[in-house]
Structure formats: C-alpha cells, structure tokens
Amino acid sequence: MPEVRSPTVRRRELGALLRALRLEKGLTVEQAAERLMFSMSKLSRMETGHGVATPRDVRDLCDLYGVTDQAERDRMMALAREGKQSGWWQSYDLDYFATYVGLEAEAVEIKCYQSTIVPGLLQTPDYARAMHEAGIPRISPERIEELIEVRLMRQRLLAQDPPVRLVAVLDEAVLHRAVGGPAVMRAQLNWLIQASNRPNVTTQVIPYTAGAHPAMDSTFNILDFAGSVPSVVYVEGLVGWIYVERPQEINRYQQVFEHLRTVALNPQESRDLLMRIGAKYDDSTILAAPGDSKLEHNWNSKIPFCSI
C-alpha cells in the first residue's frame, strides 16, 4: 500500500501554518518576504503548498514570526523534510495530475460530482481503457496500461485501514453513455453496485426527471483532510484544471454538493436504477449481491485494476 503521509499534503499543511503565523503578526506577503530577502512568489508558493520549503526557510520564518516553542519548530521542520520526499505516483510522469493524486492520497473524505463519466475511483479497467483510447492526442497501449495501474493504486484508498470516505453523485447520463460498449458498461454498472455496498462508499444518481440543477455545466471533487490541512476543490476540463482554495469558494461548492444530494435519488433508489439500466445492456446479467467476494478481490488484487 502507498505511504499514507503524502508529501503534497505535508507541503499544504506547512503552508497553512506559515500563513496563519504571518497573519498573526499582521504582515503582508510582501513585508515578510522583504525582511527575509525572499521573493514574494517564493513565499506565496510555500504558503499555498506549491513550493518546497527548506529547513533553513522554516527556521528563518519561525524567527521572524516569533515561534519559540521548540516542539512547534521541530514539527514544522519535519513537515518541510517530508514535503521534499517522493510519493509513489511521481514515478508515473502524471504531469499536472500528480498534484491531485498527492492530495487524494491523504484525504479523509472525497465528495465528487460527475455529469458525464464514472469517477476514476470507481472505474473498471475496461472502462478506463476505453476512456484513454478515445482521448486526443492518442497515447500508446503501454502508456494506457501504466495509467490503469495508477488507478489501481488510487482505488486502494477505498480499502485501506481506515478507508477514505467517498460520496459520489452522478448524473443519470453517466449510466447511459455506453463507454467501451454494452459489455463494458454492464460490468461497470455491476461494479458501481458492488462498491456502493461498502460502508465508506455512497453513490447517488440524479435522475433526468430532476430537471435543472446548479452543477449541470460543471464537474468537481471536494477533498477534505484531517487536522489543520484546509479542504480543496479540484475542477478539471478539456484544456486545463483549477484548484479552488479560498474558504468562501469552497463553501459554495460544499453547498452545491449538498443540494445535489437532496435532488438525487437516495442510495437504495440509486442502486435500483443502476440495476434497471444494467439489465438493459444484457437482460441475462445477474448483478452481484451485497457481500460478493469479488468486491474485496478487485480492490486488493495485484492485477492492474483501475482521470478523476
């Protein structure tokens, strides 16, 4: 199992502490950077977790902010050291997505809304393969298998101890788009039903009959963390991605997500809909009952299993 202490999250945790200390002293980024002969961009990147702080940086900042408690200084030094380590995902050359995987690796709860595809943490290998094969620019079969392996590693978060809590809200359109063909979709819907039987996984579907809702033109993931690490919202599109980190903006996404849950079918109604639509792909399909042993096998096997 990948290490739990994500360097990505350690940098964010340290950054949040540094920002809080600066604000307690009533200093702007410009003032603090000038006193330590830092560039403003360097300090800003450290505070947002996008830049790596060295132990010397932390020492100088602690001196400036008047942190005299040795235990607190040692804690921040440890965060700086852990923030420089490599996560398992960094060997896969994931480009911008590496930051997301690093955050996801230590989230305690993930709330995701998808209007067009099954979330990555719930995709089957064949579904994921079909998604990659349809992408532009084209990538090699070997690279596709590497990316599916990444999904395998990510999905183990759902079976670790303690497991991450996943709340997935899907538009009904996700269930009707035959990604990979009928057989692939039959297996994918079967897997969604199996996954939703886990106590840490909740799946809800917004039916077509719900009409308009506030997230029709968006998809997003909300990641919540333990302790002082601030939540973050990840929004991905065709030509880019953004991380929403301002508290008031995160609060808006939280409110929208809770509203989506109220207009969606409840978990049992959602499973019923999954079964009905799955049966349309193949009337002979027998969907797995709760407790099916395949569930644990798929998440814990070393066979490559399976974008957000």
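Every number in this text was worked out from the coordinates using simple rules, so none of it is lab data. None of the values given here were measured: they were computed from a predicted structure. Neighbour counts are summed over all protein chains in view; Cβ atoms, including those assigned to glycine, are modelled from backbone coordinates with ideal geometry.
Principal axis analysis of the Cα atoms in the chain yields extents of 71, 41, 38 Å, listed in decreasing size.
The Kirkwood hydrodynamic radius of segment 102-229, based on inverse pair distances between different Cα atoms, is 15.6 Å. Counting only Cβ charges, +1 for Lys and Arg and -1 for Asp and Glu, the dipole size of segment 94-237 around its Cα centre is about 320 debye. Its relative contact order, with pairs defined as Cα atoms under 8 Å and 6+ residues apart, puts segment 145-237 at 24 percent. Evaluated with a Cβ-only charge set (Lys, Arg +1; Asp, Glu -1), the chain carries a dipole of roughly 240 debye about its Cα centre, given to the nearest 20.
Taking a ≥ b ≥ c as the square roots of the eigenvalues of the alpha carbon gyration tensor, segment 7-83 is oblate, as a/c is not under 1.5 and a/b does not beat b/c. Looking at the chain, the DSSP beta bridges with both ends there are about 50 percent antiparallel. Shown for Met131, Met40, Met46: other C-beta atoms within 10 Å of each C-beta, ranked fewest to most, produce the order Met40, Met131, Met46.
A simple spin-label model places the labels of Asp95 and Lys280 3.5 nm from each other, with each point 7 Å out along Cα-to-Cβ.
Remark on Lys84: its backbone amide H falls under 5 Å from none of the residues 5 or more positions apart or on other chains, H modelled at 1.01 Å from N. Sparse packing (at most 15 other Cβ atoms within 10 Å of the Cβ) combined with a DSSP loop state is found for the following trypsin sites (Lys or Arg not before Pro) in segment 71-101: Lys84.
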